[in-house]
Structure formats: C-alpha cells, structure tokens
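Asker: This is the structure, below, for whatever I ask next.
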Amino acid sequence: MNEVPVRVVPRAGSGGAAAPGRRLQLQVLRHNPRDAASVPHWQSYELEEAEGMTLFIALGEIREKLDPSLQFDFVCRAGICGSCAMVIDGKPGLACRTLTRDHGSRITLAPLPFFELIGDLSVDTGKWMRSMSERLRGWLHLKQAAPDIDRIEQPMDPELAERIYELDRCIECGCCVAGCGTARMREDFVGAVGLGRVARFRLDPRDARSDEDWYAVVGDDDGVFGCMSLLACHDLCPKDLPLATQIAYLRRAMARQGLK
Ligand code: SF4
Ligand code: F3S
Ligand code: FES
C-alpha cells in the first residue's frame, strides 16, 4: 500500500463559501495496467470541501494542483455522457452528479469493475458497449427493405413515443453492468443495458424484428434468462430507467417464445 497524503490549497477567489470546516480525504484506487511495475494501491488526497462541491470538482482540483498523473474521465459534467462513472464508496455512480456533502469526510473511489481498465479511475466502457450493441444489432431495422425518410418519421402514438424515449435516455455509463452479480459471473451477459436496448426496439413499431428473432439473440443465459433479478441495475441507474419492469416484460415474452 502506498499512502501519499497531499493537500489541495483552496483556489483564491473561487467564490462560494466553503462548507464549515470539513476536510475531505479522497482515497483513490490507482493502477496503470500498461506499466509492468505498477501495483494496485490506494492513494490518499486531502482537500477542503467547497460549497456545492461535486466529485468532478474535487478530482479536477487534485489533478490540476497536485497530481497531474491521476487518470479519470469527464466530458459533459452534467450526467449526459456517462464517462465519469466510477465506484463511489462501494457503489457505481456518476462522479459529476455526486455531491461530496452527501458522503462522509472520507470517500473511496475505485474504477468500475468488469470493464477494461485504462488507468486509475478510467475504464473503457465504449469497447464493451460497442461489442454488446453489435451482438444485439441494437439499432433500428426498418420493416421495408429500402428505407425512406417518410417511413422513418411516421407519426407515433405519443404515449408509445414517451415509453421509447424513456429507454433512449440510457447514457451507456456502465453502472448497471458494474453492479450486477450475473455480469461478474458471465462475461458474455448483455447486462441490463443490453436488455433495455432490446426492450426499446421491441416497443418500436417501425422495427422489423419479431419475438422469434429476439429469442435467438437474448433467449439464453447470456441474455434475459441469465438475469437473476438482483435489481442492482434498477437501483443504480443514474437515469432512473425502468429496468426492472422492462426486464420482467422481456423475460415473460421470451419464455412464451421458448414454449412454442
Ligand atoms: Fe447507465 Fe442506466 Fe444505461 Fe445502465 S441502463 S448504462 S445504468 S444509464
Ligand atoms: Fe443484474 Fe439487474 Fe438482472 S442487476 S441480475 S441485470 S435485475
Ligand atoms: Fe458526463 Fe459525468 S461527465 S456524465
């Protein structure tokens, strides 16, 4: 274990009163898999909490002022891109949407498990998401052979459009996969994100695929029958997607197919 306490000096004139007297200690699990000499270890950083501080702000200050080698990902800072997911005090979540005041003064941060580690808190969720999407062919398969724009933009019942939109809000952050016990045991499990994708296209009246087609894709233990209803995906999804309900609908439909 390599404990390296460091201190962040609050930014002069940064505005916003600091929360009274709280000193934060961020314990970060560090490792560089591309460096043969690197050994996973916890590194400790100390800083003063500012009002409205998120983990994004805290990590940014550490990297900017103390340790430029610390690796983590942020793009949108607004819960939209999904790139800042990490394990925060033992639970997957988005660092940019996590306020330090909602945690104790000692916060542990680790990279999402399951995905390929790039370094420290940065993982490659994109590679896994792309391969899952290719496997499910997770895009619209229009019913007619030659797609034309009028067919794509046909009117849709607003209630149905709303249900599809709800599932389209997935930001592919990976929290549902990182928190899922099945995903830990079955490396080919498509995860709640994959099952949610199937649910989305099953709802879409423009999509050509039947339940028979979907059964061939997710009617096994790497698909919907591998899910053990652990529901961590539902609890951890930062976009509050209705994953439990959608997985239950899908399981029922695929079970019906299996009995045919
Ligand atoms: Fe993230 Fe939720 Fe999408 Fe899973 S379903 S990848 S937790 S947004
Ligand atoms: Fe995993 Fe969610 Fe099923 S946590 S086991 S995909 S209900
Ligand atoms: Fe985009 Fe956090 S930085 S979701």
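Asker: Mind listing the long-range amide H neighbours of Glu48? Cut-off is under 5 Å, sequence gap 5 or more, other chains count too, H placed in the peptide plane at 1.01 Å from N.
Answerer: Residues meeting the amide H criterion: Val8, Leu24.
Asker: Could you give the length gained by full extension between Gln25 and Met228, i.e. 0.36 nm per residue of separation minus their alpha carbon distance, to one decimal place?
Answerer: Numbers: separation 203, 0.36 × 203 = 73.08 nm, distance 3.64 nm.
The Gln25-Met228 span can extend by a further 69.4 nm.
Asker: Per residue, how much accessible area does the chain show when a 1.4 Å probe rolls over the protein heavy atoms, in square angstrom?
Answerer: Here the per-residue accessible area is 53 Å².
Asker: Between the range 59-121 and the range 221-260, what is the separation of their alpha carbon centroids in Å?
Answerer: With the range 59-121 and the range 221-260 each reduced to a Cα centre, they are spaced 28 Å.
Asker: Please report the carbon-and-sulfur percent of the accessible area for the chain; probe 1.4 Å, protein heavy atoms only, DNA, RNA and ligands left out. The partial results should precede the final answer.
Answerer: Numbers: 6930 of 13660 Å².
Here carbon and sulfur together make up 51 percent of the probe-accessible area.
Asker: So, with +1 on the Cβ of K and R and -1 on the Cβ of D and E, and no other charges, what is the size of the charge dipole of the chain about its Cα centre, to the nearest 20 debye? It would help to have the intermediate numbers written out before the result.
Answerer: Values: 33 positive and 37 negative charges, 51 e Å.
It comes to approximately 240 debye.
Asker: Along the charge dipole of the range 105-198, Cβ charges K/R +1 and D/E -1, which of Gly119, Ile171, Leu142 sits furthest on the positive end?
Answerer: Gly119
Asker: Taking the dipole about the Cα centre of the range 193-250, with the C-beta of Lys and Arg at +1 and of Asp and Glu at -1, give me whichever of Pro238, Gly219, Phe201 is farthest to the positive side.
Answerer: The listed residue farthest towards the positive side: Pro238.
Asker: Applying a 10 Å radius around every beta-carbon, put 215-227, 65-77 in order of their mean neighbour count, most first.
Answerer: 215-227, 65-77
Asker: Where does the chain land at 222 nm, in deg cm²/dmol rounded to the nearest 500, when only DSSP H runs of n ≥ 4 count, each adding -39500 (n - 2.57), divided by all residues?
Answerer: -10000 deg cm²/dmol
Asker: Okay, moving on. Once phi is turned into ³J(HN,Hα) by the Karplus curve 6.51 cos²θ - 1.76 cosθ + 1.60 with θ = phi - 60°, what whole-Hz value does each residue of the range 25-41 show in order, with x for glycine and proline?
Answerer: For the range 25-41, the Karplus-derived couplings read 10, 9, 9, 10, 7, 10, 5, 10, x, 8, 9, 4, 8, 6, 10, x, 8 Hz, x marking Gly and Pro.
Asker: Further question on the same structure: Please list the equivalent ellipsoid semi-axes of the chain, computed as the square roots of five times the alpha-carbon gyration tensor eigenvalues, in descending order and whole angstrom.
Answerer: Equivalent-ellipsoid dimensions as semi-axes: 40, 20, 16 Å.
Asker: Quick check: residue separation of Arg206 and Asn32 times 0.36 nm, minus the Cα distance between them. What number comes out in nm?
Answerer: Going from the current span to full extension adds 58.1 nm.
Asker: Let me ask another. For an R0 of 25 angstrom, estimate the FRET efficiency from the Cβ-Cβ distance between Asp168 and Ala244 and round to the nearest 0.05.
Answerer: 0.90
Asker: Using only Cα atoms, find the angle between the long axis of helix 191-203 and the longest principal axis of the chain, and express it within 0 to 90 degrees, rounded to the nearest 10.
Answerer: Taking Cα atoms only, the helix is inclined about 40 degrees.
Asker: Here is a follow-up. Report, largest value first, the span of the C-alpha coordinates of the range 74-132 along each principal axis, in whole Å.
Answerer: 38, 21, 17
Asker: Expressed as an acute angle from 0 to 90° and rounded to the nearest 10, what is the orientation of the C-alpha long axis of helix 158-168 relative to the principal long axis of the chain?
Answerer: Long axis of 158-168 versus the principal axis of the chain: about 50 degrees.
Asker: Considering the alpha-carbon set of the range 151-260 alone, what are its Rg and its Dmax in angstrom?
Answerer: Just the Cα atoms of the range 151-260 yield Rg and Dmax of 13.9, 43 Å.
Asker: Same structure again: Determine the dipole magnitude for the range 108-189: charges of +1 sit on the beta-carbon of Lys and Arg, -1 on that of Asp and Glu, nothing else is charged, the reference point is the Cα centre, and the result goes in debye to the nearest 20.
Answerer: The calculated dipole for the range 108-189 is roughly 340 debye.
Asker: Work out the length of the dipole vector of the range 164-260 about its Cα centre, built from +1 on the beta-carbon of each Lys and Arg and -1 on the beta-carbon of each Asp and Glu, and round it to the nearest 20 debye. Present the calculation step by step, with values, prior to reporting the outcome.
Answerer: Values: 13 positive and 15 negative charges, 47 e Å.
Dipole size: approximately 220 debye.
The values are calculated or read from the model by the stated rules, or taken from the named source; none is laboratory data. Please read these numbers as outputs of a predicted model, since none were measured by experiment. In this analysis, Cβ positions are derived from the backbone assuming ideal geometry, glycine residues included, and neighbour counts consider all displayed protein chains. To get the accessible areas, we keep the full protein, side chains included, count just its heavy atoms, and leave off ligands, DNA and RNA. Shrake-Rupley method; radii C 1.70, N 1.55, O 1.52, S 1.80 Å.
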